[in-house]
Amino acid sequence: MTIQAHGLTKRYGGKPGRAAVEDLTFTVEPGTVTGFLGPNGAGKSTTLRMLLGLDAPTSGRATIGGRAYATHPAPLCEVGALLEAKAVHPGRSAFHHLMALAHTHGIPRSRVEHVLDLAGLTDVAGKRVKGFSLGMGQRLGIAAALLGDPAAIVLDEPVNGLDPEGVLWIRTLLKSLAQEGRTVLISSHLMSEMALTADHLVVIGRGRLLADTTVTALVRESGAFYVKVVTPDAARLRALLTGAETTAEAPDTLHVRGLEAPDIGRIAAAHAIPLFELSPRTASLEQAFMNLTHDAVEYQPTAAPTGAGR
């Protein structure tokens, strides 16, 4: 089940100023975990709300499986979503919260018990949600998203509040859901987790699309990918690497962008230049993300004044 945004635009209050989301188009394919990234204020939450029919776009349209979310006859069985984990009546138990949702779609009790077990909440199923920690609330929200055994899953900050075991659990779960052929779209600020979980990335800034690509491609295209070269003849090799960007980390060490390690090795061999190290290096997704979104950050920090923090 494909998720698509077609020219989505959202303006609030009818004002002609900058839109929260501007002409946004992307596709989330089945069988992959797609990370939805952007700085604070980029329009991620607004976009997710439009995908799920909670906000009406000013123009454009959002479809899931070729139709608007609200037109699905049994939406919980088509699309599972978590936008706000605390959107639960605090006086209800986890079990009764899920049973109330299940009754709206004719979902059996056995499925409720299954997702409670899947989320690790069986032992606290009878406890009132108001006593749940943030992490337990997240687990309950994810259990609710999976209740209808949906073909598409949309989660906003799913690892928020989870301990390391919980983070590993959700990472493994999302990957397994994608391997089953489901469509998985997750929004997160944790770049390190996205690097381990996502297959594809959609990055937005100031409401506009900045990138629609893989993690590897984003890192490479941002300039965060380079090849480290250690050679006693660095100056001569540097002169031969025409068309590449090279920087000298030390007199015998070069960082090369724009050429792959085999290409550098062949050039060095052709000119009898010895190499002590030739290793591809990839900077973090976080650095690539920062490079890409630098001009789209809504709130730029300023340098601390002299004497600050004393």
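The values are calculated or read from the model by the stated rules, or taken from the named source; none is laboratory data. The structure presented is a predicted model; accordingly, all values stated were derived computationally and were not measured. Methodologically, a virtual Cβ is constructed for each residue, glycine included, from the backbone with ideal geometry; neighbour enumeration extends over all protein chains shown.
Taking the conditions exactly as written (assigned by TED's automatic domain parsing to the domain that holds Leu185, touching a residue at least 60 places away in the same chain (Cβ under 8 Å), touching a helix residue (DSSP H, G or I) at 6+ places or on another chain (Cβ under 8 Å) and part of a loop (DSSP other than H, G, I, E, B)), does Gly80 satisfy them or not?
Details: assigned by TED's automatic domain parsing to the domain that holds Leu185: yes; touching a residue at least 60 places away in the same chain (Cβ under 8 Å): yes; touching a helix residue (DSSP H, G or I) at 6+ places or on another chain (Cβ under 8 Å): yes; part of a loop (DSSP other than H, G, I, E, B): no.
No: the conditions fail for Gly80.
Can you tell me which residue in the stretch 214-245 is surrounded by the most Cβ atoms within 10 Å (Cβ to Cβ), limited to those that are under 30 Å from Lys44 (Cβ atoms) and in contact with a helix residue (DSSP H, G or I) (Cβ under 7 Å, 6 or more places away or on another chain)? Give the derivation first.
Within the stretch 214-245, the first condition is being under 30 Å from Lys44 (Cβ atoms), and the residues that meet it are 214-226.
Next cut, in contact with a helix residue (DSSP H, G or I) (Cβ under 7 Å, 6 or more places away or on another chain) only: 215, 218-219, 222-225.
On the way: Val215: 20, Leu218: 25, Val219: 22, Ser222: 17, Gly223: 15, Ala224: 21, Phe225: 19.
By that ranking, first place goes to Leu218.
Being out of contact with any His (no Cβ under 9 Å at 6 or more places or on another chain) and crowded, with 21+ Cβ neighbours inside 10 Å is the requirement here; does Lys86 meet it? Steps first, please.
Numbers: out of contact with any His (no Cβ under 9 Å at 6 or more places or on another chain): yes; crowded, with 21+ Cβ neighbours inside 10 Å: no.
In short, no.
Looking across the stretch 261-286, not a single residue is surrounded by fewer than 12 Cβ atoms within 10 Å (Cβ to Cβ), in a loop (DSSP other than H, G, I, E, B) and under 31 Å from the mean Cα position of the chain (by Cα).
Candidates Ala143, Ala125, Ala151: the one that is among the small types (Gly, Ala, Ser), crowded, with 24+ Cβ neighbours inside 10 Å and either assigned by TED's automatic domain parsing to the domain that holds Ser45 or in contact with a strand residue (DSSP E or B) (Cβ under 6 Å, 6 or more places away or on another chain) (or both) is Ala143. Only one of the listed residues (Gly131, Gly106) is small (Gly, Ala, Ser), closer than 16 Å to Ala74 by Cβ and out of contact with any helix residue (DSSP H, G or I) (no Cβ under 8 Å at 6 or more places or on another chain). That residue is Gly106. The number of residues in the stretch 50-75 being under 12 Å from Gln4 (Cβ atoms) and out of contact with any His (no Cβ under 8 Å at 6 or more places or on another chain) comes to 6.
Would you confirm whether any residue within the stretch 209-230 is over 21 Å from Pro39 (Cβ atoms), basic (Lys, Arg) and in contact with a Phe, Trp or Tyr (Cβ under 8 Å, 6 or more places away or on another chain)? Among the residues of the stretch 209-230, not one is over 21 Å from Pro39 (Cβ atoms), basic (Lys, Arg) and in contact with a Phe, Trp or Tyr (Cβ under 8 Å, 6 or more places away or on another chain), which makes the answer no.
No other residue among Arg61, Arg18 is part of a loop (DSSP other than H, G, I, E, B), out of contact with any Asp or Glu (no Cβ under 8 Å at 6 or more places or on another chain), touching a residue at least 24 places away in the same chain (Cβ under 8 Å) and surrounded by fewer than 20 Cβ atoms within 10 Å (Cβ to Cβ) apart from Arg18. Filtering the stretch 175-190 to residues that are modelled with pLDDT of 95 or more and among the hydrophobic types (A, V, I, L, M, F, W, C) leaves Leu177, Ala178, Val184, Leu185, Ile186. For the criterion of being in contact (Cβ under 8 Å) with a residue 24 or more places away in the chain, among the aliphatic types (A, V, I, L, M) and within 30 Å of Val167 (Cα to Cα), Leu240 fails. Among the residues examined, Gly120 does not qualify as under 23 Å from the mean Cα position of the chain (by Cα) and in the same structural domain as Ile204 (by TED's automatic domain parsing). Are any of the residues in the stretch 27-45 surrounded by 21 or more Cβ atoms within 10 Å (Cβ to Cβ), touching a Lys or Arg at 6+ places or on another chain (Cβ under 7 Å) and modelled with pLDDT of 95 or more? For the stretch 27-45, residues surrounded by 21 or more Cβ atoms within 10 Å (Cβ to Cβ), touching a Lys or Arg at 6+ places or on another chain (Cβ under 7 Å) and modelled with pLDDT of 95 or more: present.
For Val33, indicate whether it is in contact with a helix residue (DSSP H, G or I) (Cβ under 7 Å, 6 or more places away or on another chain) and farther than 24 Å from Gly181 by Cβ. No.
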